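No lab work stands behind these numbers, since they all come straight from the coordinates. As the structure is a prediction and not an experimental result, all values here were calculated from the model. Quick reminder, even Gly has a Cβ in these numbers, built from the backbone with ideal geometry, and neighbours come from all protein chains shown.
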Amino acid sequence: MKKNKTESLTAEKGLFTIALTLNGRPAEFRVKPNEFLLDALRAHGWKGTKKGCDTGDCGSCAVMFNGKPELACMIPAVTAHGSVVGTIEGVGTVDRPHPIQEAFVEAGGVQCGFCIPGMVISAKHLLENVPDPSEAEIKKALDGNLCRCTGYVKQIEAVKIASKKLRTRRASK
Amino acid sequence: MNNLRKCVFPDNLNAALTALGDRKSLPFALAGGTLSGKNIGPETVTLVDLKRLPLAAIKTTAAGLSIGALATFDEIENSRVVKGWAGGVLCAAAAKCSSQLVRNMATIGGNIARPNAFNVFPPLLLALDAKVTVAWKGVAKTFPLAGLYDGTLKKIPGRDCLITGIILPAASKGLKCAFEKFARTESSWESYITLAMCAEVKKGVIKSARIGIGALSAVPVLAPKAAAALTGETPGEAAGKAAALAGDLAGMRISPKSVEFKKEVAAALLRRFVVSLA
Ligand SMILES: Cc1cc2nc3c(=O)[nH]c(=O)nc-3n(C[C@H](O)[C@H](O)[C@H](O)COP(=O)(O)OP(=O)(O)OC[C@H]3O[C@@H](n4cnc5c(N)ncnc54)[C@H](O)[C@@H]3O)c2cc1C
Ligand code: FES
Ligand code: FES
């Protein structure tokens, strides 16, 4: 969906219409000029992505944006036009959790859960690129995801468990 | 951002400069958006999103190391070319910016475009004697980094013109560099002092030095007195102590409450660097 030509969008009746790929499917949002992607997602029902600080500091709004975890609270919604966006809803569901989500539960890495969507997004990107990361690599990948509850130890453990799960799954295929 | 009526997504430099050149449309350019995304004022009617421009390449050229303005901190930190250049000092500086999530978005062009005391790249690029290329409709100019801040450009980057890239002169084998952001925590944006220190060492003697100071003024400054004191010296504790930096800091407007502390920290960091050159 990432387009390769000069485009422009004009607001009509004070709203921009943006087209994006969201969790693998085409989507169209009508967004206000001063709206950010985080608010646009939540307003359109994608509430898995959380708003913690709204200043780029906490990482609870992390989404996949054109292949990398980015902060949805810092992305003017109109600039998401033509982008490929992935949210926690595209990772796993309550019935069919992703192995990373299972690992967070198994390790006891979830307390209130507010930071977890962002953490899982960052962890998934890490494990897709570094299947067997060192502890330092895990800490670095998650350094923008703040958690007020856990103290991080169990979340780092969760990423190690997830790494093992995913490698085992890959080997058995 | 309430007055935004149009958003342009140029995929080539010409189209971006045309969009910025249309002054009547009150344009403003945005790259990663981590510095200005939240602060786009009511004077902006057209947003020019730079993200599709092919200006993120990092490569060595005959002129030296060339970094596209849209290269992100993450791309710079993980670039093999940059890792092998001047001991990887640019990677070290990129890693000092906030968090992985910010580094995935923030670009080097956005970091240097406007004066900001705490941004990591301006003092380092100053110490490395970097040049920037700036373009506006029909014109491209390359000049030393300081030209962005001293008024000679007479244009506002991101409104009237675009930074397209940064060029660093070829690094000699004897070039040693260090970047120190002395802050409360690893991820703090604000630092007490930022020092970028570069020295050319040949046959055990410091042939030249350039030291960039950040965090104490809106724009980074060089420390010519300390650099002169180091030139011709043998690296080690004595040379480090003698250079100090106090002379260079004396001319700056630093709060009297913290000036002694900052002088002491600066002296210690410089001494550590000079000792490491031995
Ligand atoms: C939580 C948080 C922590 C941060 N911590 C740090 C830190 O530790 N160190 C640090 O240095 N910075 C930090 N920053 C600031 C910011 O991330 C960087 O300064 C970044 O490099 C800005 O780049 P950008 O691409 O996001 O710029 P943008 O926000 O897109 O733009 C910034 C300005 O530059 C102009 N501009 C952008 N690109 C160009 C171009 N190519 N040509 C001309 N003008 C241009 C824009 O018009 C705008 O005026 C932090 C930001 C946040 C949100
Ligand atoms: S809500 Fe985006 S970083 Fe906190
Ligand atoms: S589990 Fe509560 S903020 Fe992380």
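Miscellaneous remarks
- Residue separation of residue A:171 and residue A:8 scaled by 0.36 nm, minus their Cα-Cα distance, works out to 54.1 nm of gained length.
- Per-selection metrics, the range A:99-171 (Cα): Rg and Dmax in Å: 11.0, 36
- Trypsin sites (Lys or Arg not before Pro) restricted to DSSP loop in the range B:213-278 with at most 16 other C-beta within 10 Å: B:253, B:257
- Dipole of the range B:63-221, positive end: most advanced residue of B:95, B:174, B:147 [Cβ charges, Cα centre]: B:174
- The range B:168-196 residues near the modelled residue B:81 label - backbone nitrogen below 19 Å, point 7 Å along Cα→Cβ: B:168-173
- Residues of type aspartates and glutamates that residue B:202 reaches as a straight line, Cα spacing below 12 Å, ignoring anything fewer than 8 places off in the same chain: B:233
- Taking the centroid of alpha carbons for each part, the range B:75-123 and the range A:62-78 are 19 Å apart.
- Comparing B:235, B:42, B:157 in a Gaussian network model of chain B (Cα springs below 10 Å), the most mobile by mean-square fluctuation is B:42.
- Ignoring the sites themselves, chain B has its longest run without GluC sites (Glu not before Pro) in a DSSP loop having at most 14 other Cβ atoms within 10 Å at B:44-185.
- Net length available on complete extension from residue B:22 to residue B:140 is 40.7 nm, with 0.36 nm assigned per residue and the Cα-Cα distance removed.
- Between helix B:259-276 and chain B there is an angle of about 70 degrees, using the helix long axis and the longest principal axis of the Cα atoms.
- Reach of residue A:50 by Cα under 23 Å, taken over lysines that are not fewer than 8 positions away in the same chain: A:32, A:68, A:124, A:139, A:140, A:154, B:38
- Computed from label points 7 Å out along Cα-Cβ, the spacing between residue B:11 and residue A:66 is 1.2 nm.
- Loop-located trypsin sites (Lys or Arg not before Pro) in the range A:1-77, at most 12 other Cβ atoms within 10 Å (DSSP): A:2, A:5, A:13
- Length released on extending from residue B:258 to residue B:275, taking residue separation times 0.36 nm less the Cα-Cα span: 3.5 nm
- Equivalent ellipsoid, the protein assembly as shown (semi-axes from 5 times Cα gyration tensor eigenvalues, Å): 39, 29, 19
- Note on chain B: GNM, Cα springs under 10 Å; of B:61, B:194, B:142, the largest mean-square fluctuation is that of B:61.
- Counting every C-alpha pair in the range B:173-276, the share spaced more than 21 angstrom apart comes to 29%.
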